[in-house]
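To keep things clear, I will list the structure first and then write my remarks on it.
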Amino acid sequence: MEARLTEIERNQVLQYLGYRGGGVSAEVEADIARCRAQLMAAAKPRAAWRLFSLTDDGALAGTSFVLQGQDIRLLLHDCTEVILLAATLGSEVERLIRRAQVSNMTDAVILDACGSAAIENVCDNLCADLAATFAPRYLTDRFSPGYGDMPLSQQAELFGVLDVTRRIGVSLSASGLMLPQKSVTALVGVADRPQKMRHRGCAACNLFENCAFRKEGSNCGAF
Ligand code: SF4
């Protein structure tokens with residue numbers, strides 16, 4: 001299964017940039033378009049995944065990785081198996097953003113937002129491919145160490161069990177920072193019945209540009 005970057009969504013980039021609605025100037029649109037193209041050209045997405053059975057006490061069978069926190073237990077409530085996955089845009093994207101941080105801070109901020117939208121796209125594509133692979137069973141949403149009450153310290157365990165560094169070239173610092181930074185790790189449950197999926201967020205909403213809630217800095221409560 002190959003990692004695929006197919007799109008960097010404009011609305012998602014705007015959301016990462018903190019845009020709250022109203023017009024976007026032609027100049028900003030042009031900057032975003034240029035940075036999107038640069039990032040698409042620099043990205044060399046890679047991904048790894050592995051399926052584990054879940055034991056009754058919330059461990060990944062055959063490992064010492066015991067899932068911590070109520071949130072992940074709740075997500076995997078219907079699941080007997082779990083997929084660990086990791087994905088990255090690669091080190092050239094890291095270099096592109098760092099070069100811009102020295103030469104053009106505006107570009108650096110936009111490139112960073114493009115990178116965040118891009119790694120989301122790679123993960124969405126990977127999960128769509130996994131969903132097709134595991135059909136007719138159902139996948140849960142992605143859940144990453146550090147979300148909710150799952151401690152970030154479990155990131156190191158996930159790295160070890162999935163052999164992330166060797167397989168896709170992402171390293172983990174002592175403070176839990178992934179390098180390249182535009183990388184994601186996650187757990188996805190496999191269940192025998194349909195799973196409730198989270199709201200996909202404002203960037204996917206038709207009201208994104210004119211939403212009165214967003215203009216006030218709040219949201220509609222759908223998520
Ligand atoms: S209606 Fe809700 S989901 Fe849509 S843009 Fe507004 S706050 Fe976001």
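Bear in mind that the values in this text are calculations on the coordinates, not laboratory data. Quantities reported herein were computed from a predicted structural model and do not represent experimental measurements. Cβ coordinates were reconstructed from backbone atoms using ideal geometry, including for glycine residues, and neighbour counts include every protein chain displayed.
Listed values, structure above:
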| quantity | calculated |
| --- | --- |
| Cut-off under 5 Å, modelled amide H: who pairs with GLY69 long-range | none |
| Per-residue Cβ neighbour rank within 10 angstrom, fewest leading, TYR147, TYR19 | TYR147, TYR19 |
| Directionally averaged projected area (convex hull, Cα atoms, the chain), nm² | 13.1 nm² |
| J(HN,Hα) series, the stretch 10-17, from Karplus relation 6.51 cos²θ - 1.76 cosθ + 1.60, nearest Hz, glycine and proline x | 4, 4, 5, 4, 4, 5, 5, 7 |
| Whole-Hz ³J(HN,Hα) from phi, Karplus 6.51 cos²θ - 1.76 cosθ + 1.60, for the stretch 113-124, glycine and proline x | 5, 4, x, 5, 5, 5, 5, 4, 5, 4, 5, 4 |
